[in-house]
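Following: one structure in structure tokens, then a few remarks.
The values are calculated or read from the model by the stated rules, or taken from the named source; none is laboratory data. Worth saying up front: this structure is predicted, and the values here are computed from it rather than measured. Glycine gets a Cβ as well: all are built from the backbone with ideal geometry, and neighbour counts include every protein chain shown.
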Amino acid sequence: MKKNLILVLNCGSSSLKFSLIRQDNGETLLTGLAERLLSEQASIKIKYHGQAIEAHLLRPFDHEAAITKLVEVLVTHELNLQIFAIGHRVVHGGENYSRPTLINDVVKKSINDLSKLAPLHNPANLRGITASEAVFLDIPQVAVFDTAFHQTMPEKAFIYGIPYALYKDHGIRRYGFHGTSHYFVVQEAAKKLETPLNESSFISAHLGNGCSVSAIKNGKSVDTSLGFTPLEGVMMGTRSGDIDPGIIFHLINQLGYTAEKVNHLLNKDSGLLGVSGLSNDCREIEEAWLKDNNPRAKLALDVFCYRIAKSIASFSASLTSLDALIFTGGIGENSNLIRQCITEQLSLLNFYISNDKNKSCRFGQAGHINADNSRDILVIPTNEEWVIAEQTSQLLSKKSGKEK
Ligand code: ADP
């Protein structure tokens, strides 16, 4: 049987997302999401050719149970023997991994060692790798790192204004995340504008639960808003983004917070959720503002959009020209309101939105949303799974080419 499929696994601390993608034409055959793993509410949803398949998780409702269910579905549809490789999303690759990498014991040890830089993500990613190795014996497994794309940032962009020894001795520097998404959307944007990627200049705003803005020159990341951890930069769903670090000392010294409580506050209780007091979900906050005129919902959206607009404007220091501003991610792809609110604050950079085009580019529809007198503004739905599949395939083709 021809082996032509790549399985992409994205293992989070309580979730597992997966996609089965054809290597030859990039078609996605099967997608799935297991959520709230390790709890009684755990669930799994699988779609094959866009149609939902009935599937139930078995105890102990963990990542292994989700992978076992996935394998069962693959076997039922005779897909398991067609799998050529497995690509894993790994959040932190530190400075050692600027490329997709074939997973072996050394790579697994590095991913584990890097857990100190991404304690929520890397252990979960490793768990997915181990669970997948246990069932997909003899199938090559590849790690595609979220940080890799940003390894091209110059030193001036990744060094913090703190003693240099902390970088040299402890790796404290800016790494950036969402690399696969920024990489994907600039490729698509360059195609859309018919500009050679290696002569292009973009600012891309990935706005989902996590949010980041990146400056990308000639197809390479030159700066990005997320830093040492995915907490820096713009405000997000539950993460604060940039704050005065002095607030942390005030919380600890004056208000009696522990370090753990501060960590929780800034990662889980802040952002849209913290300011609105309602939800981390952009749709719910938009509704509370538009339908109920809720002032805290309006404030949360105002702060969110203003901070993103400031971040976009700040990247004009990283580029000498600009082909387009790109919106992507769940919010960037769907919320015409947020896109309008952000771009209204960027008229000095000659960004003006077309209301009609802005309303029509939603729910998977890509396209221009700028007015005629504006610089280009594009909406491009991201596809991180496709990038992981493509990079996995490329790595293994190169390897097999060399071995021939
Ligand atoms: P993740 O970072 O977890 O991958 P997504 O990219 O899926 O997240 O983005 C999730 C966010 O997108 C949520 O805040 C959600 O409210 C928002 N979102 C999705 N659809 C819409 C919509 N139609 N309008 C506004 N926001 C939306």
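A few notes on this one:
- Residue match in region 341-362 (condition: in a helix (DSSP H, G or I), within 16 Å of the ligand (Cβ to nearest atom) and in contact (Cβ under 8 Å) with a residue 40 or more places away in the chain): yes
- Selection within region 1-39: residues that are part of a loop (DSSP other than H, G, I, E, B) and in contact with a Lys or Arg (Cβ under 7 Å, 6 or more places away or on another chain). The member of this set that is surrounded by the most Cβ atoms within 10 Å (Cβ to Cβ) is SER14.
- Meets criteria (buried (at least 21 other Cβ atoms within 10 Å of the Cβ) and either more than 28 Å from LYS399 (Cβ to Cβ) or among the aromatic types (Phe, Trp, Tyr) (or both)) for ALA42: yes
- Entry remark, region 320-340: residues being assigned to a loop (DSSP other than H, G, I, E, B) and buried (at least 16 other Cβ atoms within 10 Å of the Cβ) number 3 in total.
- Members of region 32-68 that are in contact (Cβ under 8 Å) with a residue 60 or more places away in the chain and among the hydroxyl-bearing types (Ser, Thr, Tyr): THR68
- Residue check for VAL73: surrounded by 19 or more Cβ atoms within 10 Å (Cβ to Cβ) and assigned to a helix (DSSP H, G or I): yes
- Test: GLU403 is at pLDDT below 95 and farther than 26 Å from LEU30 by Cβ: yes
- Unique match (being crowded, with 22+ Cβ neighbours inside 10 Å, assigned to a helix (DSSP H, G or I) and modelled with pLDDT of 95 or more) among ILE111, ILE86: ILE111
- Strands (runs of 3 or more DSSP E) fully within region 141-229 that include at least 3 residues being surrounded by 24 or more Cβ atoms within 10 Å (Cβ to Cβ) and under 12 Å from the mean Cα position of the chain (by Cα): 201-207, 211-217.
- Qualifying residue in region 328-336 (condition: more than 21 Å from the chain's Cα centre (by Cα) and within 16 Å of the ligand (Cβ to nearest atom)): no
- Residue within region 304-317 that is modelled with pLDDT of 95 or more, touching a Lys or Arg at 6+ places or on another chain (Cβ under 9 Å) and among the aliphatic types (A, V, I, L, M) present: no
- Any hit, region 52-69, residues being in a strand (DSSP E or B) and loosely packed, with under 15 Cβ neighbours inside 10 Å: yes
- Every test in (1) in contact (Cβ under 8 Å) with a residue 12 or more places away in the chain; (2) over 17 Å from PHE158 (Cα atoms); (3) not small (Gly, Ala, Ser) is passed by THR224 save one, and that test is (2).
- So VAL234, is it touching a residue at least 60 places away in the same chain (Cβ under 8 Å), in contact with a strand residue (DSSP E or B) (Cβ under 9 Å, 6 or more places away or on another chain), part of a loop (DSSP other than H, G, I, E, B) and β-branched (Val, Ile, Thr): yes
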